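**Q** Quick one: the structure is below, and I'll ask about it shortly.
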Amino acid sequence: MIDSIINKIMENLSGNGIKNIYSAYDAISVEKKGRDFYTLVGFESFEMHTPIYSALTLFMPYEAEISLNITAPENYLIQKLYEYFSEKIKPAVMNFSGIDCYIKKISMKHNLQINRLVLTARLSVSGIEKSERENT
């Protein structure tokens with residue numbers, strides 16, 4: 001289910017014209033992710049609620065906290081990174097289909113390990129995954 005949520009978020013961002021989107025859990029090195037902006041999608045927490053059963057379907061409500069790390073070259077201005085977030089990422093986040101999402105927290109810092117400026121947005125996400133029940 002976690003992969004499904006990450007994939008939904010990545011697809012939605014990509015569908016809104018955002019490029020260079022990666023899972024925080026892939027094995028792609030920083031050097032291969034691009035010199036310009038790139039976005040990492042990862043989890044901070046995940047909570048599954050009591051399943052709801054119907055005759056043919058299983059509904060699984062969940063809540064999660066997602067982190068979006070938007071990175072830019074170290075020499076970018078913080079204002080320019082925030083503009084990119086406000087104009088590109090934020091509108092895409094606010095229009096997720098099938099999940100409720102809001103921005104919980106934003107922070108910015110220079111990451112000296114990768115020599116990049118990083119804006120981290122924490123998203124509160126909730127939704128319901130459904131699957132067909134097996135006939136037994």
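Here, each number is a calculation from the coordinates, and none is a lab measurement. All figures in this text were calculated on a predicted structure; none of them were measured in a lab. Don't worry about glycine lacking a Cβ; one is built from the backbone with ideal geometry, like all the others, and counts go over all protein chains shown.
**Q** Among the residues of the range 35-57, how many are out of contact with any strand residue (DSSP E or B) (no Cβ under 9 Å at 6 or more places or on another chain) and within 27 Å of PRO91 (Cβ to Cβ)?
**A** 0
**Q** What residue, among those in the range 110-136 that are among the charged types (D, E, K, R) and in contact with a Ser or Thr (Cβ under 8 Å, 6 or more places away or on another chain), is surrounded by the most Cβ atoms within 10 Å (Cβ to Cβ)? Spell out how you get there, then give the answer.
**A** We begin by selecting, within the range 110-136, every residue among the charged types (D, E, K, R); these are 116, 122, 129-130, 132-134.
This time we only want the ones that are in contact with a Ser or Thr (Cβ under 8 Å, 6 or more places away or on another chain), so: 116, 122, 129-130, 132-133.
On the way: ARG116: 23, ARG122: 15, GLU129: 17, LYS130: 11, GLU132: 8, ARG133: 11.
Taking the candidates together, the pick is ARG116.
**Q** Just checking, how many residues over the range 118-136 are closer than 20 Å to LEU13 by Cα and either part of a helix (DSSP H, G or I) or not β-branched (Val, Ile, Thr) (or both)?
**A** Residues that pass the stated criteria total 8.
**Q** Restricting to the range 20-51, count the residues that are in contact (Cβ under 8 Å) with a residue 12 or more places away in the chain and either outside any strand (DSSP E or B) or aliphatic (A, V, I, L, M) (or both). Break it down into steps so the answer makes sense when it comes.
**A** At the first step, the residues of the range 20-51 found to be in contact (Cβ under 8 Å) with a residue 12 or more places away in the chain are 20-25, 30, 33-49.
Okay, now just the ones that are also either outside any strand (DSSP E or B) or aliphatic (A, V, I, L, M) (or both), so 20-21, 24-25, 30, 33-37, 40-41, 48-49.
Selection size over the range 20-51: 14.
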